[in-house]
Amino acid sequence: MPEMPDERLARLGFVRSRLVRHSAEADEATVPPSGAEDGLHAAFCADKVLVAGGSALLAPRNRDRAGRAAVEIFLGRLDGRPVFAAEIDPAEAPRLADEPAFRCVDLRGLAVEGSLEPHELGLLATARSLLQWHARHGFCANCGSPSLVRAGGFRRECPTCGAHHFPRVDPVVIMLIRRGDACLLGRAPRFPEGMYSCLAGFLEPGETIEDAVRRETYEETRIRIGAVSYLASQPWPFPSSLMIGCVAEALDETIVPDPTELADARWFPREEVAAMLGRRHGAGISAPQPMAIAHALMRAFVDGQA
Ligand SMILES: [Zn+2]
(Lines give C-alpha, C1' and ligand atoms only; values in the text may rest on other atoms or scores of the structure.)
Protein backbone atom coordinates (compact mmCIF):
# COMPACT_ATOMS: atom_id res chain seq x y z
CA MET A 1 0.00 0.00 0.00
CA PRO A 2 1.40 3.44 -0.88
CA GLU A 3 1.88 5.72 2.11
CA MET A 4 1.82 9.47 2.14
CA PRO A 5 5.24 11.07 2.78
CA ASP A 6 5.63 12.64 6.22
CA GLU A 7 5.96 16.26 5.02
CA ARG A 8 2.42 16.10 3.65
CA LEU A 9 1.08 14.65 6.89
CA ALA A 10 2.82 17.46 8.76
CA ARG A 11 0.40 20.00 7.27
CA LEU A 12 -2.70 18.01 8.27
CA GLY A 13 -4.54 19.14 11.37
CA PHE A 14 -5.22 16.79 14.31
CA VAL A 15 -2.93 13.95 13.13
CA ARG A 16 -0.13 14.53 15.64
CA SER A 17 -0.53 13.87 19.33
CA ARG A 18 1.99 13.25 22.11
CA LEU A 19 -0.69 12.34 24.60
CA VAL A 20 -0.09 9.05 26.42
CA ARG A 21 -3.70 7.92 26.74
CA HIS A 22 -4.88 6.58 30.04
CA SER A 23 -7.41 4.08 28.69
CA ALA A 24 -5.45 1.14 30.12
CA GLU A 25 -5.73 2.67 33.60
CA ALA A 26 -9.08 1.11 34.33
CA ASP A 27 -8.77 1.60 38.10
CA GLU A 28 -10.46 4.76 39.46
CA ALA A 29 -7.67 5.03 42.05
CA THR A 30 -5.06 5.77 39.36
CA VAL A 31 -6.93 8.83 38.00
CA PRO A 32 -5.11 11.89 39.38
CA PRO A 33 -7.06 14.80 40.93
CA SER A 34 -7.82 17.62 38.47
CA GLY A 35 -6.27 20.05 40.96
CA ALA A 36 -2.82 18.43 40.54
CA GLU A 37 -0.07 21.09 40.72
CA ASP A 38 1.64 19.93 37.51
CA GLY A 39 -1.66 19.47 35.60
CA LEU A 40 -2.24 20.70 32.04
CA HIS A 41 -5.78 21.67 31.04
CA ALA A 42 -7.56 21.86 27.69
CA ALA A 43 -10.65 24.01 28.25
CA PHE A 44 -13.63 24.59 25.96
CA CYS A 45 -16.44 27.06 26.52
CA ALA A 46 -19.46 27.34 24.20
CA ASP A 47 -17.40 25.35 21.65
CA LYS A 48 -14.45 27.75 21.76
CA VAL A 49 -10.95 26.65 22.82
CA LEU A 50 -9.28 28.81 25.49
CA VAL A 51 -5.76 29.75 24.38
CA ALA A 52 -3.30 31.51 26.72
CA GLY A 53 0.17 32.64 25.66
CA GLY A 54 0.09 30.71 22.37
CA SER A 55 -0.85 27.37 23.97
CA ALA A 56 -4.16 25.59 24.60
CA LEU A 57 -2.61 23.57 27.44
CA LEU A 58 -3.46 25.80 30.40
CA ALA A 59 -1.57 25.86 33.67
CA PRO A 60 -3.71 25.32 36.82
CA ARG A 61 -3.73 29.10 37.49
CA ASN A 62 -5.34 29.79 34.09
CA ARG A 63 -7.63 26.79 34.36
CA ASP A 64 -9.01 28.22 37.62
CA ARG A 65 -9.48 31.59 35.94
CA ALA A 66 -11.70 29.91 33.30
CA GLY A 67 -14.39 29.07 35.84
CA ARG A 68 -16.64 26.18 36.83
CA ALA A 69 -16.66 23.06 34.61
CA ALA A 70 -19.87 21.35 33.51
CA VAL A 71 -17.75 18.23 32.76
CA GLU A 72 -14.10 17.59 33.56
CA ILE A 73 -12.21 14.48 32.44
CA PHE A 74 -8.71 13.01 32.59
CA LEU A 75 -7.14 12.40 29.15
CA GLY A 76 -3.76 10.91 30.04
CA ARG A 77 -0.24 12.28 30.39
CA LEU A 78 2.07 14.55 28.44
CA ASP A 79 5.76 14.35 29.38
CA GLY A 80 4.59 12.71 32.58
CA ARG A 81 2.19 15.53 33.53
CA PRO A 82 -1.51 14.74 33.90
CA VAL A 83 -3.72 16.27 31.18
CA PHE A 84 -7.37 17.15 31.76
CA ALA A 85 -10.15 18.45 29.53
CA ALA A 86 -12.91 20.71 30.80
CA GLU A 87 -16.21 21.85 29.37
CA ILE A 88 -16.62 25.22 31.08
CA ASP A 89 -20.18 26.28 31.97
CA PRO A 90 -21.43 28.17 28.86
CA ALA A 91 -22.73 30.92 31.16
CA GLU A 92 -19.05 31.95 31.54
CA ALA A 93 -18.66 32.62 27.77
CA PRO A 94 -19.34 36.41 27.81
CA ARG A 95 -16.90 36.92 30.72
CA LEU A 96 -14.21 34.77 29.07
CA ALA A 97 -14.53 36.64 25.77
CA ASP A 98 -13.44 39.78 27.68
CA GLU A 99 -10.82 38.04 29.86
CA PRO A 100 -7.40 39.36 28.72
CA ALA A 101 -5.65 36.12 29.74
CA PHE A 102 -7.47 34.17 27.00
CA ARG A 103 -8.12 34.09 23.30
CA CYS A 104 -11.31 32.10 22.57
CA VAL A 105 -11.14 30.39 19.15
CA ASP A 106 -13.12 27.54 17.59
CA LEU A 107 -11.06 24.39 16.98
CA ARG A 108 -11.47 24.40 13.20
CA GLY A 109 -10.25 28.03 13.10
CA LEU A 110 -7.24 27.08 15.25
CA ALA A 111 -6.33 24.26 12.85
CA VAL A 112 -6.55 26.59 9.83
CA GLU A 113 -4.51 29.25 11.65
CA GLY A 114 -1.69 26.83 12.46
CA SER A 115 -0.60 28.96 15.43
CA LEU A 116 -0.42 26.10 17.96
CA GLU A 117 2.21 23.36 18.18
CA PRO A 118 0.84 20.61 15.85
CA HIS A 119 0.71 18.07 18.69
CA GLU A 120 -1.67 20.33 20.66
CA LEU A 121 -4.24 20.06 17.84
CA GLY A 122 -4.18 16.27 18.12
CA LEU A 123 -4.71 16.47 21.86
CA LEU A 124 -7.53 19.02 21.42
CA ALA A 125 -9.21 16.66 18.94
CA THR A 126 -9.27 13.95 21.62
CA ALA A 127 -10.56 16.45 24.18
CA ARG A 128 -13.33 17.86 22.00
CA SER A 129 -14.58 14.46 20.79
CA LEU A 130 -14.72 13.10 24.36
CA LEU A 131 -16.35 16.22 25.84
CA GLN A 132 -18.98 16.23 23.08
CA TRP A 133 -19.66 12.55 23.70
CA HIS A 134 -20.21 13.16 27.43
CA ALA A 135 -22.47 16.13 26.65
CA ARG A 136 -24.68 13.96 24.41
CA HIS A 137 -24.68 10.70 26.38
CA GLY A 138 -26.00 11.61 29.79
CA PHE A 139 -28.52 8.77 29.72
CA CYS A 140 -28.09 5.00 29.45
CA ALA A 141 -28.89 3.76 25.91
CA ASN A 142 -30.01 0.45 27.44
CA CYS A 143 -32.52 1.53 30.14
CA GLY A 144 -32.77 5.34 29.96
CA SER A 145 -31.42 6.09 33.47
CA PRO A 146 -28.93 8.95 34.01
CA SER A 147 -25.40 7.50 33.60
CA LEU A 148 -22.22 8.45 35.47
CA VAL A 149 -18.71 9.46 34.34
CA ARG A 150 -16.22 6.72 35.28
CA ALA A 151 -12.50 5.94 34.81
CA GLY A 152 -11.67 9.64 34.53
CA GLY A 153 -14.06 10.01 31.59
CA PHE A 154 -12.93 7.01 29.54
CA ARG A 155 -16.41 5.48 29.90
CA ARG A 156 -19.87 6.04 31.39
CA GLU A 157 -21.66 3.54 33.60
CA CYS A 158 -25.33 3.06 34.35
CA PRO A 159 -26.09 2.73 38.09
CA THR A 160 -29.46 1.10 37.34
CA CYS A 161 -28.70 -1.70 34.84
CA GLY A 162 -24.88 -1.77 35.13
CA ALA A 163 -24.24 -1.19 31.38
CA HIS A 164 -20.88 0.32 30.41
CA HIS A 165 -20.83 2.84 27.56
CA PHE A 166 -17.69 3.77 25.61
CA PRO A 167 -17.02 6.78 23.40
CA ARG A 168 -17.45 6.07 19.72
CA VAL A 169 -15.57 7.05 16.58
CA ASP A 170 -17.48 7.38 13.30
CA PRO A 171 -15.44 6.25 10.26
CA VAL A 172 -15.82 8.30 7.07
CA VAL A 173 -14.31 7.40 3.70
CA ILE A 174 -12.94 10.28 1.64
CA MET A 175 -11.67 9.49 -1.83
CA LEU A 176 -9.60 10.91 -4.61
CA ILE A 177 -11.24 9.36 -7.68
CA ARG A 178 -9.04 9.37 -10.75
CA ARG A 179 -9.35 8.44 -14.38
CA GLY A 180 -6.23 8.88 -16.45
CA ASP A 181 -4.85 12.35 -15.86
CA ALA A 182 -7.98 13.80 -14.23
CA CYS A 183 -9.71 13.47 -10.90
CA LEU A 184 -13.34 13.76 -9.83
CA LEU A 185 -14.20 16.56 -7.41
CA GLY A 186 -17.57 17.83 -6.29
CA ARG A 187 -19.12 20.64 -4.35
CA ALA A 188 -21.85 20.25 -1.76
CA PRO A 189 -24.48 23.02 -1.63
CA ARG A 190 -23.09 24.09 1.80
CA PHE A 191 -19.50 24.63 0.51
CA PRO A 192 -18.00 28.12 0.28
CA GLU A 193 -18.49 29.68 -3.17
CA GLY A 194 -16.20 28.10 -5.79
CA MET A 195 -14.75 25.35 -3.57
CA TYR A 196 -14.52 21.77 -4.85
CA SER A 197 -13.38 18.78 -2.80
CA CYS A 198 -13.11 14.99 -2.71
CA LEU A 199 -16.30 12.97 -2.29
CA ALA A 200 -16.85 11.53 1.19
CA GLY A 201 -19.39 9.60 3.22
CA PHE A 202 -19.95 7.61 6.41
CA LEU A 203 -19.30 3.88 6.48
CA GLU A 204 -22.37 1.77 7.13
CA PRO A 205 -22.46 -1.20 9.54
CA GLY A 206 -21.04 -4.36 8.01
CA GLU A 207 -19.30 -2.52 5.16
CA THR A 208 -15.63 -2.64 4.16
CA ILE A 209 -13.74 0.60 3.47
CA GLU A 210 -13.45 -0.39 -0.22
CA ASP A 211 -17.19 -1.05 -0.55
CA ALA A 212 -18.04 2.22 1.19
CA VAL A 213 -15.87 4.08 -1.35
CA ARG A 214 -17.67 2.28 -4.20
CA ARG A 215 -21.18 2.79 -2.78
CA GLU A 216 -20.76 6.46 -1.88
CA THR A 217 -19.20 7.31 -5.25
CA TYR A 218 -21.93 5.51 -7.15
CA GLU A 219 -24.75 7.06 -5.06
CA GLU A 220 -23.42 10.58 -5.52
CA THR A 221 -22.23 10.46 -9.16
CA ARG A 222 -23.23 7.11 -10.79
CA ILE A 223 -19.52 6.46 -11.39
CA ARG A 224 -18.43 2.84 -10.80
CA ILE A 225 -15.13 2.24 -9.01
CA GLY A 226 -12.49 -0.46 -9.58
CA ALA A 227 -9.35 -0.62 -7.42
CA VAL A 228 -9.27 1.23 -4.09
CA SER A 229 -6.14 1.89 -2.05
CA TYR A 230 -5.58 3.51 1.35
CA LEU A 231 -3.42 6.62 1.62
CA ALA A 232 -3.74 8.23 5.08
CA SER A 233 -6.25 8.97 7.86
CA GLN A 234 -7.18 12.02 9.92
CA PRO A 235 -9.17 12.39 13.14
CA TRP A 236 -11.92 14.96 12.51
CA PRO A 237 -13.37 16.04 15.87
CA PHE A 238 -16.68 17.48 14.60
CA PRO A 239 -17.75 15.68 16.65
CA SER A 240 -15.84 12.39 16.40
CA SER A 241 -15.13 11.20 12.85
CA LEU A 242 -12.10 9.42 11.48
CA MET A 243 -11.47 10.41 7.86
CA ILE A 244 -10.04 7.45 5.91
CA GLY A 245 -8.30 8.84 2.84
CA CYS A 246 -8.33 6.57 -0.24
CA VAL A 247 -7.47 6.67 -3.93
CA ALA A 248 -10.01 5.03 -6.25
CA GLU A 249 -9.92 4.16 -9.94
CA ALA A 250 -13.04 5.18 -11.90
CA LEU A 251 -14.48 2.74 -14.45
CA ASP A 252 -16.87 5.28 -16.01
CA GLU A 253 -16.59 8.81 -17.31
CA THR A 254 -20.13 10.23 -17.40
CA ILE A 255 -21.01 11.93 -14.12
CA VAL A 256 -24.66 12.04 -13.00
CA PRO A 257 -24.60 14.09 -9.76
CA ASP A 258 -27.18 13.39 -7.05
CA PRO A 259 -28.72 16.87 -6.61
CA THR A 260 -29.47 16.28 -2.91
CA GLU A 261 -25.74 15.71 -2.19
CA LEU A 262 -23.94 17.73 -4.85
CA ALA A 263 -24.45 21.14 -6.45
CA ASP A 264 -21.89 20.09 -9.06
CA ALA A 265 -19.25 17.42 -9.81
CA ARG A 266 -16.63 17.44 -12.58
CA TRP A 267 -13.40 15.92 -13.84
CA PHE A 268 -10.45 18.25 -13.19
CA PRO A 269 -7.17 17.81 -15.12
CA ARG A 270 -4.02 17.60 -13.03
CA GLU A 271 -2.78 21.13 -13.86
CA GLU A 272 -6.13 22.62 -12.85
CA VAL A 273 -5.98 20.84 -9.48
CA ALA A 274 -2.45 22.23 -9.02
CA ALA A 275 -3.80 25.75 -9.67
CA MET A 276 -6.63 25.21 -7.15
CA LEU A 277 -4.18 24.09 -4.45
CA GLY A 278 -1.96 27.08 -5.20
CA ARG A 279 -4.93 29.49 -5.04
CA ARG A 280 -4.24 30.69 -8.59
CA HIS A 281 -7.10 29.10 -10.56
CA GLY A 282 -8.25 31.47 -13.30
CA ALA A 283 -11.96 30.96 -12.59
CA GLY A 284 -11.49 31.37 -8.83
CA ILE A 285 -12.12 27.67 -8.12
CA SER A 286 -10.54 26.67 -4.81
CA ALA A 287 -9.64 23.59 -2.76
CA PRO A 288 -10.03 22.85 0.98
CA GLN A 289 -7.41 24.22 3.41
CA PRO A 290 -4.02 22.44 3.76
CA MET A 291 -5.07 21.21 7.22
CA ALA A 292 -7.81 19.00 5.64
CA ILE A 293 -7.11 15.52 4.28
CA ALA A 294 -8.91 16.36 1.00
CA HIS A 295 -6.13 18.87 0.32
CA ALA A 296 -3.46 16.21 1.00
CA LEU A 297 -5.21 13.72 -1.32
CA MET A 298 -5.39 16.32 -4.09
CA ARG A 299 -1.72 17.22 -3.53
CA ALA A 300 -0.74 13.56 -3.77
CA PHE A 301 -2.61 13.34 -7.09
CA VAL A 302 -0.89 16.47 -8.46
CA ASP A 303 2.52 15.11 -7.40
CA GLY A 304 1.83 11.76 -9.06
CA GLN A 305 1.85 9.93 -5.72
CA ALA A 306 -1.82 8.96 -5.72
ZN1 LIG B 1 -28.97 1.39 32.17
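To test your reading of the geometry: what angle, between 0 and 90 degrees and rounded to tens, separates the Cα axis of helix 209-221 from the longest principal axis of the chain?
It works out to around 60 degrees.
Under 4.7 Å Cβ to Cβ, no partner at all: give me those cysteines from the chain, in residue order.
So far as the 4.7 Å Cβ criterion goes, Cys45, Cys104, Cys183, Cys198, Cys246 stand without a partner in the chain.
Could you give the accessible area per residue of region 170-302, probe 1.4 Å, as a whole number in Å²?
Averaged over the residues of region 170-302, the accessible area is 43 Å².
In terms of modelled amide H atoms, which long-range or inter-chain residues lie less than 5 Å from the amide H of Ala188?
So Ala188 has HN proximity to Ala263.
What's the extension gain from Asp170 to Arg65 if we count 0.36 nm per residue and subtract their Cα-Cα distance?
Details: separation 105, 0.36 × 105 = 37.80 nm, distance 3.41 nm.
That works out to 34.4 nm of additional length.
Quick one: 3J(HN,Hα) in Hz for region 239-247, Karplus 6.51/-1.76/1.60 with θ = phi - 60°, rounded, Gly and Pro as x.
x, 7, 8, 10, 7, 10, x, 10, 10
Between Leu148 and Ala97, what is 0.36 nm times their sequence separation minus the Cα-Cα distance? Round to one decimal in nm. List each step's numbers first, then the result.
Details: separation 51, 0.36 × 51 = 18.36 nm, distance 3.08 nm.
Computed gain between Leu148 and Ala97 is 15.3 nm.
Say a paramagnetic label sat at a point 7 Å from the Cα of Asp258, along Cα to Cβ; which residues of region 186-220 have their backbone N under 11 Å from it?
In region 186-220, the label zone of Asp258 (backbone N under 11 Å from the point 7 Å along Cα→Cβ) covers 200-202, 215-220.
So how much slack lies between Thr208 and Arg136, counting 0.36 nm per residue of separation and subtracting their Cα-Cα distance, in nm? Could you put the intermediate results ahead of the total?
Details: separation 72, 0.36 × 72 = 25.92 nm, distance 2.77 nm.
Gain on stretching Thr208 to Arg136: 23.1 nm.
Less than 20 Å from a label point 7 Å out along the Cα-to-Cβ axis of Asp303: which backbone N atoms in region 168-193 qualify, by residue?
Correct set: 174-179, 181-184.
Whose amide H sits under 5 Å from the amide H of Met195, counting only residues 5 or more places off or on another chain, with H placed in the peptide plane?
Answer set, sorted by chain and number: Ser286.
Which percent of the accessible heavy-atom area of the chain goes to carbon and sulfur, probe 1.4 angstrom? Don't jump to the answer; show the numbers that get you there.
Numbers: 7380 of 14400 Å².
Of all accessible area on the chain, carbon and sulfur atoms account for 51 percent.
Write down the radius of gyration of the chain and its Dmax, each obtained from C-alpha positions, in Å.
Rg then Dmax for the chain, in Å: 21.4, 63.
Check which residues have an amide H placed less than 5 Å from Arg18's amide H, if you skip close sequence neighbours.
Leu123
Modelled label-to-label distance, Ser115 and Phe238, 7 Å Cα→beta-carbon offset: nm?
Each label point lies 7 Å from its Cα, and together they span 1.9 nm.
Where does helix 293-302 land angle-wise versus the long Cα axis of the chain, in degrees 0 to 90, nearest 10?
30 degrees
Taking θ as phi - 60°, what are the ³J(HN,Hα) couplings along region 34-50 by the Karplus curve (6.51, -1.76, 1.60), each to the nearest whole Hz, with x for Gly and Pro?
Each residue of region 34-50 in turn: 5, x, 3, 4, 9, x, 10, 10, 9, 10, 10, 9, 6, 6, 10, 8, 8 Hz.
Please give the Cα centre distance for region 125-159 versus region 224-255, rounded to the nearest Å.
Each part reduced to its Cα centre gives a spacing of 30 Å.
Give a residue-ordered list of calculated ³J(HN,Hα) values for region 127-132 (Karplus: 6.51 cos²θ - 1.76 cosθ + 1.60, θ = phi - 60°; whole Hz; x for Gly, Pro).
3J(HN,Hα) across region 127-132, in whole Hz: 4, 5, 4, 5, 4, 5.
Can you tell me the FRET efficiency between Asp38 and Arg108 if r is taken as the Cβ-Cβ distance and R0 is 30 Å, rounded to the nearest 0.05? Let's see the in-between values first.
On the way: r = 30 Å, r/R0 = 1.00.
Step by step, r from the Cβ atoms, then E = 0.50.
Using alpha-carbon pairs under 8 Å, 6+ residues apart, how would you state the relative contact order of the chain in percent?
On the way: 618 pairs, mean separation 55.7, N = 306.
Once divided by the residue count of the chain, the mean separation gives 18 percent.
The values are calculated or read from the model by the stated rules, or taken from the named source; none is laboratory data. Since we're looking at a predicted model, the values are computed, not measured. Positions of Cβ are backbone-derived with ideal geometry, glycine not excepted, and every protein chain shown enters the neighbour counts. Each accessible area value is taken on the protein alone, full model and side chains, heavy atoms only, with ligands, DNA and RNA left out. Shrake-Rupley method; radii C 1.70, N 1.55, O 1.52, S 1.80 Å.
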